[in-house]
Structures are given as C-alpha cells and as structure tokens.
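Q: Once you've had a glance at the structure underneath, I'll fire off some questions.
The values are calculated or read from the model by the stated rules, or taken from the named source; none is laboratory data. Just so it is clear, the structure is predicted and the values come from calculations on it, not from any experiment. Cβ sites come from the backbone with ideal geometry, for glycine too, and all protein chains shown count toward neighbours.
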Amino acid sequence: MSAPSVDATGLKSLSAAATELQNIISTFVKLIDYPGGLSLTNAQIAAAIIAQVDANNFSRHNQDQKIVEAHATFTAKNSSAQQVFELLVIWDADNPPVGANVTQTAHFGWEIYLNGTRQSGPGHVFFTKDIILPNYRIPNLQQKEVSELRLTKKGTLGTGSMESVTRYFKLS
C-alpha cells in the first residue's frame, strides 16, 4: 500500500507555495495514528508537532539563505524517558528536469515518516510554468547543513516530552 499524498498546482509565488506547503504538511500530520504512552489524543500530539513545523518560512529560507531542503525531526518520550515515536518531516525545492517532454514544473516537495516508515508523500506544491527556483536540489550534488539555522526546541508533551530539531541544507 502506498502512503497517502496530495499535490497542489498553479502557485504563482514562493510565499504562497510555502503557505500551501505548511497547510498540506499540517493536514497529513493530523492523519497519523501516533503510538500511546503520552496520555494525549492524536489531535493533541499533532497540534504540538504542527506548532513546530517551519515550512511556512521555506520561501524566505530558499531565497535568502539558499536552503534547498529541510528535515524536522520530532522525538517524543514517555515519563520514563523511553522513546515513544520519532516523526520526520522533509520538505525541499526542485526545478523540473531539462528535456523536451517535461510536464513537471518547479515545486516544493514533502514527505512524512513515523519511526522510519513513510506515512504520507511524496507530495508536491507545483508552481506555474513561468517560475524557476533560483535555489534547488541538484541530483548527485552534495548538500551541507547550515548549522547556524538549526532550530531546536524541547518541551513537555502530555505525561512525557518532545524535542524537535529542524535542520536546513544548502548545496555544497
């Protein structure tokens, strides 16, 4: 069975696409069946995660800091400090491949994994054909983390805790 996904099409600005990216990721984070052990509902866990997802700023990160990919990892632990789950949300920027029969447009992509298993995606937020991203992933070209942008937050989550770490990458 493939993971659920959705695409958005026809976006005309990077900021509108980043907002749509945030909305789509939020929708799919809400659909996940999280493991128990935190004395919270799925909706409460999803709300805590969504509050930490930074995809709505991807247009600014892409333009200003040349970020082409981000990884947000959410690690939840119970009151005994044992890991309950790890959620990984990835978003990225891609231009279409070069070629005469290319129908794909530039896009922001996304995927969501729970404990290493894809839960949803890959999905895309496609731009109109006239938009080409100035900063995008290039196949076979290494990326490096921009450590000064790393965003780490820790807090309580029900009867346990959650740490979120968002790492940003640009081309080497």
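Q: In the range 14-55, what residues are closer than 28 Å to THR128 by Cβ and of a type in the set (A, V, I, L, M)?
A: Residues of the range 14-55 that are closer than 28 Å to THR128 by Cβ, as a first pass: 14-29, 50, 53-55.
Selection gives LEU14, ALA16, ALA17, ALA18, LEU21, ILE24, ILE25, VAL29, ILE50, VAL53, ALA55.
Q: A further question follows. Across the range 129-156, which residue is farthest from ASP92 (Cα to Cα) among those that are of a type in the set (Val, Ile, Thr) and touching a strand residue (DSSP E or B) at 6+ places or on another chain (Cβ under 6 Å)?
A: Ranking the candidates gives THR152 first.
Q: Can you tell me how many residues within the range 103-132 are surrounded by fewer than 19 Cβ atoms within 10 Å (Cβ to Cβ), in a loop (DSSP other than H, G, I, E, B) and either modelled with pLDDT of 95 or more or among the polar types (S, T, N, Q) (or both)?
A: 5
Q: Take GLN143 and tell me if it is surrounded by fewer than 18 Cβ atoms within 10 Å (Cβ to Cβ) and either closer than 18 Å to ILE25 by Cα or touching a residue at least 40 places away in the same chain (Cβ under 8 Å) (or both). Talk me through it step by step, then tell me what you get.
A: Working: surrounded by fewer than 18 Cβ atoms within 10 Å (Cβ to Cβ): yes; either closer than 18 Å to ILE25 by Cα or touching a residue at least 40 places away in the same chain (Cβ under 8 Å) (or both): yes.
Yes; evaluated as a whole, the condition is true for this residue.
Q: Mind checking which residues of the range 66-99 are among the polar types (S, T, N, Q), without any contact (Cβ under 8 Å) to a residue 60 or more places away in the chain and in contact with a strand residue (DSSP E or B) (Cβ under 6 Å, 6 or more places away or on another chain)? Spell out how you get there, then give the answer.
A: As a first pass, look at the range 66-99 and keep what is among the polar types (S, T, N, Q): 73, 75, 78-80, 82-83, 95.
Cutting the leftovers down to without any contact (Cβ under 8 Å) to a residue 60 or more places away in the chain gives us 80, 82-83, 95.
The one that is among the polar types (S, T, N, Q), without any contact (Cβ under 8 Å) to a residue 60 or more places away in the chain and in contact with a strand residue (DSSP E or B) (Cβ under 6 Å, 6 or more places away or on another chain): GLN83.
Q: How many of the residues making up the range 146-158 are buried (at least 17 other Cβ atoms within 10 Å of the Cβ) and free of Cβ contacts under 8 Å to residues at least 24 places away in the same chain? Lay out the reasoning, then the answer.
A: Step one: list which residues in the range 146-158 are buried (at least 17 other Cβ atoms within 10 Å of the Cβ), which gives 157-158.
Then drop every residue that is not free of Cβ contacts under 8 Å to residues at least 24 places away in the same chain, which leaves none.
Count: 0.
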